[in-house]
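Okay, structure first, notes after.
Just so you know, all these numbers are worked out from the coordinates, no wet-lab data involved. Please read these numbers as outputs of a predicted model, since none were measured by experiment. Neighbour counts run over all protein chains shown; Cβ positions are idealised from the backbone, glycine included.
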Amino acid sequence: MLIVRTPVRISFGGGGTDLPAYFENYGGAVLSTAINKYFYTIVGKRTDGHIQIISSDLRISETWKDINDMSVRGTAFEIPLAVLQELRCEMAVDVFLASEIPPGTGLGSSASACVNLLQAMATYLHLPFSKYDLAEKAFHIANHILQKPIGKQDEYAAAFGGLNFITFNRDGTTLIEPLRLEPGFVNRFQRKLLLFFTGATHHSWSILKEQETSMKMQKEAALQSLHNIRELAEKMRQALLAGDLREFGLLLHESWENKKRISSSISNSSIDRLYEVARDHGAVGGKITGAGGGGFMLLYCDEDNQPAVRDAFAAQGIREMRFDFDFNGTRVLVDDPFIDQDENCASQWTLVNAGDSALKQNSPG
């Protein structure tokens, strides 16, 4: 049996500049962090020659004999099937999928799912994929095979984990630079971040497609906003490296104001009202995570003002999700042939902290 988990992420700045239509012309950069909310894949051996995929979130399952020539775009299982086809998987397995985060919430769950499945299958097939390989392969599957108008940041955040400044070069190469911050400072930073579910899920593809079209048409307003967002991501990095958290919060607000100018679909009257409520009660800055239009609202707020923000949001039925940063990225939790007598599995268990939402067991034997 094989169990793999992969984190989702929150993006602070630079979102949109990771789209190929932008970075291939100007170069892009994103400041983001992975968080301790995860996508899980469990792979178990079958003996009947079939592949079965089970989704806990969608509450569906399907079984196939041969998937390599199937058309998968637009199907409920398009991501796992595209991964299996890309790796030319000829095996008999059960693949169980589960997530702590629903899709369409702006935390990069689709990329996490793809990276997680690639890690699981690469481990199962003994393929020597690096984290760069996983990120690039996941982007290739989403962008070229499934033809989604996506950026590259989510795949890298999911694969590597951590708080990173990610640069997307014009030639298509990517550089990931972890921010080397003192643990005490990281804890202070985390305590000033709040994450609230706005109550609306969305499909980011249409918003990203609109942004992509604006860039290809060289629309001046959208391009200038993206140039500003790219610059602000660098300023956010420098504020954190300098230990200036207040400046980071102000830059987060400035970046959100620029992001809304890219497309009318990124925000709406409900989101604007909630953000205004947060600012009125002491939040310094914030944004909608992901492409926009719904999902989670991230806020930077000093601890003294957080009770007022929480109370104001609770009064409107807006729920908070507590989180911490994840510094591991995608990882194998269990790789054990003893459980289902699967010769493809090695004997490996990963111990996790008691606070982690994962297995807390010692290795058998």
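A compact table of results
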{"quantity": "Segment THR63-GLN190, extension gain: residue separation times 0.36 nm, minus the distance between their alpha carbons", "calculated": "41.4 nm"}
{"quantity": "For peptides 57-67, 152-162, 38-48, 264-274, sequence by mean Cβ density within 10 Å, most packed first", "calculated": "152-162, 38-48, 264-274, 57-67"}
{"quantity": "Beta bridge orientation in region 2-320: antiparallel %, DSSP, nearest 5", "calculated": "90"}
{"quantity": "Given charges at beta-carbon only (K, R positive; D, E negative), |dipole| of region 1-104 in Debye", "calculated": "300"}
{"quantity": "Under 10 Å, Cβ to Cβ, from ASN164 - net charge with Lys/Arg +1 and Asp/Glu -1", "calculated": "+1"}
{"quantity": "Whole-angstrom gap from region 217-285 to region 4-43, using each part's C-alpha centre", "calculated": "17"}
{"quantity": "For the chain: relative contact order, % (alpha-carbon pairs under 8 angstrom, 6 or more apart)", "calculated": "25"}
{"quantity": "Given charges at Cβ of Lys, Arg, Asp, Glu: the chain dipole, positive-most of PRO103, ILE229, VAL186", "calculated": "ILE229"}
{"quantity": "DSSP H segments from the chain that extend 15 Å or more along their own axis, Cα-based, with Kyte-Doolittle mean of 0.5 or above", "calculated": "109-124"}
{"quantity": "Protection proxy ranking, peptides 84-92, 16-24, average beta carbon neighbours within 10 Å, highest first", "calculated": "16-24, 84-92"}
{"quantity": "Cross-link pairs beyond the 28 Å C-alpha cut-off, checked among LYS37/LYS259; LYS148/LYS192; LYS45/LYS152; LYS37/LYS219; LYS131/LYS260", "calculated": "LYS148/LYS192; LYS45/LYS152; LYS37/LYS219; LYS131/LYS260"}
{"quantity": "For the chain, size of Cβ-based charge dipole, Lys and Arg +1, Asp and Glu -1, in debye", "calculated": "600"}
{"quantity": "Structure-based [θ]222 nm, the chain - -39500 (n - 2.57) summed over DSSP H runs of at least 4, per residue, nearest 500", "calculated": "-11000 deg cm²/dmol"}
